[in-house]
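Here is the structure we will look at.
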Amino acid sequence: MVGEIDTHKGEEIGRELLACIHGWGMKNVMSMTVDNVTCNDTAIKFLVKMFPTIYDGGKHFHIWCMAHILNLIVKVGLKYHNYNVECVQKAVKYIRGSTQRIKKFKKAIKDVGLETKKFLCGDSPTRWTLTFELLKTAYELWEAFVEFGIKEKSYEKDLQRVPDCMDFEAIKEMVDFLENFKTKTENVSASTKPLVHRLIREILDANLHLKKWSTKVNFVHLIPDMKDKYDKYWGDYAKMSDYVYFAILLDPTMKSQLLLYTFKEMIGSKGEKLSKLEIELKAYEMLYEVERKIEKFFKTYVEKYDMSRSSQQQSSQQVVDCDDDNDFFGNFLNSEGDNSDALENELIIYLKEPRVTYNKSFDILSWWKLNGLRFPIVARMTKDILGIQISTIASESAFSTSRRVLTDYHANLSNVIVEALLCTQDWVRKSRKPIIDNVDDILNDDEVAMEIEEALHNDKAMGKRPMEK
């Protein structure tokens, strides 16, 4: 459909995105989730200009990728040199640097009675999740490090200092600290269920996590910078997209109660010297503002999707035309036949209903499917808002499957076959069913590959053009 983007200029990226949107037959776009690269900001600004009817002039079009922000926060903390972490990293690098040492370390794992298939993983300065996995695995295998040091005499001689029990205790603490961010990154990277209504929960929990660990001796020096990075993106109410707040109101287990509690926490975490009453009043003001905005947003759906309203307006207009001499009386007849107030109250009725009791198995999509007849316009609006992605990780992973398709044993596949395999992999995915990520079965079946190649060759011979990208 469009060519490969070979530039980092924001406006050019925006033009390519616009071409995709038009190619997909989309007339409008509610939001776009991207990371915090400058060229993406420029691309977003370009796109906003192309959609004049977008909500609030496009101020809430840009949704920050939560996984990327979590990545930035953690990287700020890991930039500080940690003596214990560096000691373990050097030991792991030393062991992994030789085939003989790897064999000896695996023997040490067996000798100490550790029944595990895990082994020391490599590290990367650009991927903190690999550092986390390295530290976590190293701690789980700390007894093997001790055994390895006893059997391998050159171990301590080559490294000068090897990790001891104190180092591994410090490592355990670091792993416990990073575990929260690792779990959040995995939670927000799902692509088969709505997550935007959970975004605030995850954000404020990260803030509480930083606050909790800020009093620990080994973390006093790194938490302040991590908190500064957190505040840059999530510390201000006004920096959040309205859609994020709308999603909370449209979750029947949360509604205004959670949003009010959220605002209280956000105000209290700023460190301003406010009384409990002042925080309460300010939170209610913020809640009222969001409720006012969602009512305004809802009216755009009423105007667009309520067919009965437009037909009644036409019939009422015919009544007015019967008495052209009295506009006042015509306006009265118009107001009688207009049911717009009732439709707009549909949102108010939903918001005023008691919250649904929360439990882990609650399915927000199923609830709205069942209650869509009661709140048809609200349900349509909810469907659009819940479709907003809060992370780009899932989509990036979809375009990073090369090593799962082009392996050392399948390096001669043509680009057409690779494209066919990737498309097939995507098509067989079904919601609420296990995602099929393994294409090895197809790749290992040479007959399937030959059949695909032969079919494509026959199409070409018959003059059929392959599908354009």
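Where a number appears in this text, it was derived from the coordinates with a stated rule and is not lab data. This one's a predicted model, so the numbers in the text were calculated from it and none came from an experiment. Glycine also receives a Cβ, built like all others from the backbone with ideal geometry; neighbour counts cover every protein chain displayed.
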Just to be sure I understand the model, the point goes 7 Å from the Cα along the line to the Cβ. What's the resulting Thr424 to Lys211 distance in nm? 5.3 nm
Any idea what % of Cα-Cα pairs in the range 1-130 are farther than 20 Å? 64 percent
Which three lengths, in whole Å and largest first, does the range 58-173 cover when its Cα atoms are put on their principal axes? 65, 28, 24
Here the tail fraction of P(r) beyond 24 Å, over all Cα-Cα pairs of the range 126-271, rounds in percent to 48 percent
Around Glu278, what is the net charge, scoring Lys/Arg as +1 and Asp/Glu as -1 over all other residues with Cβ under 13 Å from its Cβ? +2
For the range 349-392, what does the alpha-carbon gyration tensor say about shape, rounded, prolate or oblate, given a ≥ b ≥ c as the root eigenvalues, a/c under 1.5 as rounded, and a/b over b/c as prolate? oblate
Leu141 long-range amide H proximity, modeled H, under 5 Å: none
